[in-house]
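S.K.: Here it is, the structure in full.
The values are calculated or read from the model by the stated rules, or taken from the named source; none is laboratory data. Small disclaimer: the values here were computed from a predicted structure and weren't measured. Here Cβ is always computed from backbone atoms with ideal geometry, including for glycine, and neighbour counts include all displayed protein chains. These area figures cover heavy atoms from the full protein model, side chains too; ligands, DNA and RNA do not enter into them. Shrake-Rupley method; radii C 1.70, N 1.55, O 1.52, S 1.80 Å.
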Amino acid sequence: MFGLSIRVLRVFGIDVKVDVSWALVATFIAWALAEGVFPQLYEGLSPFAYWWMALAAIIGLGLSIILHELAHSLVAKAFGLPLKSITLFVFGGVAQLEEEPGTPLAEFAMAIAGPLASVALAFLFGWMAQGAASIGALSALANVFFYLSMINWVLAAFNMLPALPLDGGRVYRAIVWAFTGDVSAATRSASRLGVALATAIIALGVVWALLGQFAAGLWWVLIGLFIRSAASTAVYQEQMQRLFKNAPVRDFMSTEPVSVSPELTISAFIEQYVYEYHFDMFPVMRDTALVGAIGLTEAKSAPRSSWATTLVGDVMRPVSEANTIDAAADAMEALSKMHKSRLSRLIVTENGRLVGMIALKDLLDLLSLKMALEGR
Ligand SMILES: [Zn+2]
């Protein structure tokens, strides 16, 4: 979420990462448990006991979320979907899939696996709580297990809400998809349901806050906002996948790219190209050979006073993996490359020769056109 995450584990070839946002929330929850919840629930223990109970509960919570995500991941793997990583972040966990499941069955199985794992954990912790309670001396531990059992019930129930980024939303989409055979319509329906539910959660949070439970109310409002934004972008993402996945860059590129000569001065480049075309990157061509790339960033690397004498060739950036893409590559790959290198345009090559340019704006225009056509 905040983009800063640390890898803590690697299981079954899957990276498990913890985002800074989760570490902060976990610290806050631990504090709330040790100072508020546990002393209220289980009176008469020492502050030290409350703190180690809180610590054990937080570790148990983290493990519960990881196991929930791991269940999703293992089912995804069984269906042959490549998986990047699992990240614990502020609202729980996310398993990052590289591609969407291709059939309703795969989607259904993958989505239901997480909540099922949580239910299994809820039973397991409940059983451990009973076991620990029966040995009288371990009552503090029994309380922690009982708490973890409750938390896993909550995790299962919350994730089964039929709001799209949540597992319940995916289950709902898989069912609609299976019955209608139309994944786009199923996504739109699930997205609408998600937005409606998120709005209800936000409203509930506001009411709660007004009734005096301010922190809890605010928390529900934040969760609602998160679900709302994820649910509304789900349609967009699904369309994007469908439009650009397995479609070569060649189909979307402009075949008459505007190129710049390395002999041109920076002032002339700014005047004749940047002001003229407003592109953030131009290929640099010496005769028919692609020799580099230049944009405003490279031009500005030379002091303004020297723009009349500095040449494009002096400041241009070499062509690299980051600013070029093969004409045969997947258009989805072009999008992720643009995202990574923060460029809105990429040079398209074929056997090292310039054949075109692909622009983010063109891809997005096409996407919104397609959505406008299908949206009604
Ligand atoms: Zn889940």
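S.K.: For Phe226 and Leu204 in one chain, what is 0.36 nm times their gap in residues minus the Cα-Cα distance, to one decimal in nm?
M.R.: 6.5 nm
S.K.: Something else now. Taking R0 as 22 Å, what FRET efficiency do you get between Ser267 and Leu360 from their Cβ-Cβ distance, rounded to the nearest 0.05?
M.R.: Once rounded, the FRET efficiency stands at 0.20.
S.K.: Considering amide H positions built from the backbone, and no H for Pro or chain starts, which residues 5 or more places from Val355, or on another chain, come under 5 Å of its amide H?
M.R.: Residues meeting the amide H criterion: Val348, Thr349, Glu350.
S.K.: Of Met281, Met110, Met240, which has the largest mean-square fluctuation in a 10 Å C-alpha GNM of the chain?
M.R.: Met281
S.K.: Output the peptides 80-88, 291-299, 253-261 sorted from most to least packed, where packing is the average of other Cβ atoms within 10 Å over each peptide's residues.
M.R.: The densest-packed peptide leads the list: 291-299, 80-88, 253-261.
S.K.: Sticking with this one: Quick check: at a probe of 1.4 Å, how many percent of the accessible area of the chain sits on carbon and sulfur atoms?
M.R.: 64
S.K.: Next question, about the same structure. Going out from 0 in 10 Å bins, what whole percent of all Cα-Cα distances in the range 249-375 drops into each bin?
M.R.: 13, 42, 31, 11, 3, 0
S.K.: Given H placed on each backbone N at 1.01 Å, which residues far from Thr324 in sequence or on other chains put an amide H within less than 5 Å of it?
M.R.: When sequence neighbours closer than 5 places are left aside, the close amide H contacts are Ile347.
S.K.: Convert each backbone phi in the range 362-369 into a coupling constant with the Karplus relation 6.51 cos²θ - 1.76 cosθ + 1.60 (shift: θ = phi - 60°), then list the ³J(HN,Hα) values in order as whole Hz, x for Gly and Pro.
M.R.: 5, 5, 5, 4, 4, 4, 5, 4
S.K.: Highest mean first, how do 40-50, 139-149, 357-367 rank when packing is the count of other Cβ atoms within 10 Å averaged over residues?
M.R.: 139-149, 357-367, 40-50
S.K.: Something else now. With θ taken as phi - 60° and the coefficients 6.51, -1.76 and 1.60, list the Karplus ³J(HN,Hα) couplings across the range 248-265 in order, rounded to whole Hz; mark glycine and proline as x.
M.R.: x, 3, 3, 5, 10, 7, 8, 8, 10, x, 7, 10, 10, 8, x, 7, 6, 7
S.K.: Also, quick follow-up: Loop only per DSSP, at most 15 neighbouring Cβ atoms within 10 Å: give me the trypsin sites (Lys or Arg not before Pro) in the range 294-351, ordered by residue number.
M.R.: Counting only loop positions with at most 15 other Cβ atoms within 10 Å, the trypsin sites (Lys or Arg not before Pro) in the range 294-351 are Arg342.
S.K.: Restricting to lysine pairs 8 or more places apart or on different chains, what number in the chain have Cα atoms under 24 Å apart?
M.R.: 19
S.K.: What are the residues whose amide H is under 5 Å from the amide H of Ser85, where those residues sit 5 or more places off or on another chain and H is modelled from the backbone?
M.R.: Gln96
S.K.: Next question, about the same structure. Of the DSSP beta bridges with both residues in the chain, give the percent that are antiparallel, rounding to the nearest 5.
M.R.: 75
S.K.: I would also like to ask the following. Under a no-solvent Debye model with one identical scatterer per Cα of the range 209-289, what's log10 I(q)/I(0) at q = 0.11, 0.19, 0.26 Å⁻¹?
M.R.: Each listed q maps to, in turn, -0.64, -0.92, -1.16.
S.K.: Right, here's the next one. Suppose all protein chains stay in the model; what accessible area per residue would a 1.4 Å probe give for the chain, in Å²?
M.R.: The answer is 52 Å² per residue.
S.K.: Taking the inverse of the average 1/r across all pairs of different Cα atoms in the range 20-61, what Kirkwood radius in Å do you get?
M.R.: 10.2
S.K.: Between Trp153, Gln272, Leu67, whose Cα lies farthest towards the positive end of the dipole of the chain when Lys and Arg beta carbons carry +1 and Asp and Glu beta carbons carry -1, centred on the Cα centre?
M.R.: Checked the options; the winner is Trp153.
S.K.: If you wrap a convex hull around the Cα atoms of the range 320-372, how much volume per residue is inside, in Å³?
M.R.: Per-residue hull volume (Cα only) is 73 Å³.
S.K.: With +1 on each Lys and Arg Cβ and -1 on each Asp and Glu Cβ, and nothing else charged, work out how big the dipole of the chain is about its Cα centre, in Debye to the nearest 20.
M.R.: 480
S.K.: Give me the one-decimal Kirkwood hydrodynamic radius in Å for the chain, with the sum taken over alpha-carbon pairs.
M.R.: Hydrodynamic radius (Kirkwood, Cα pairs) of the chain is 24.3 Å.
S.K.: Quick one: 3J(HN,Hα) in Hz for the range 204-217, Karplus 6.51/-1.76/1.60 with θ = phi - 60°, rounded, Gly and Pro as x.
M.R.: Whole-Hz 3J(HN,Hα) from phi for the range 204-217: 4, x, 5, 4, 4, 4, 5, 7, x, 7, 5, 4, 5, x.
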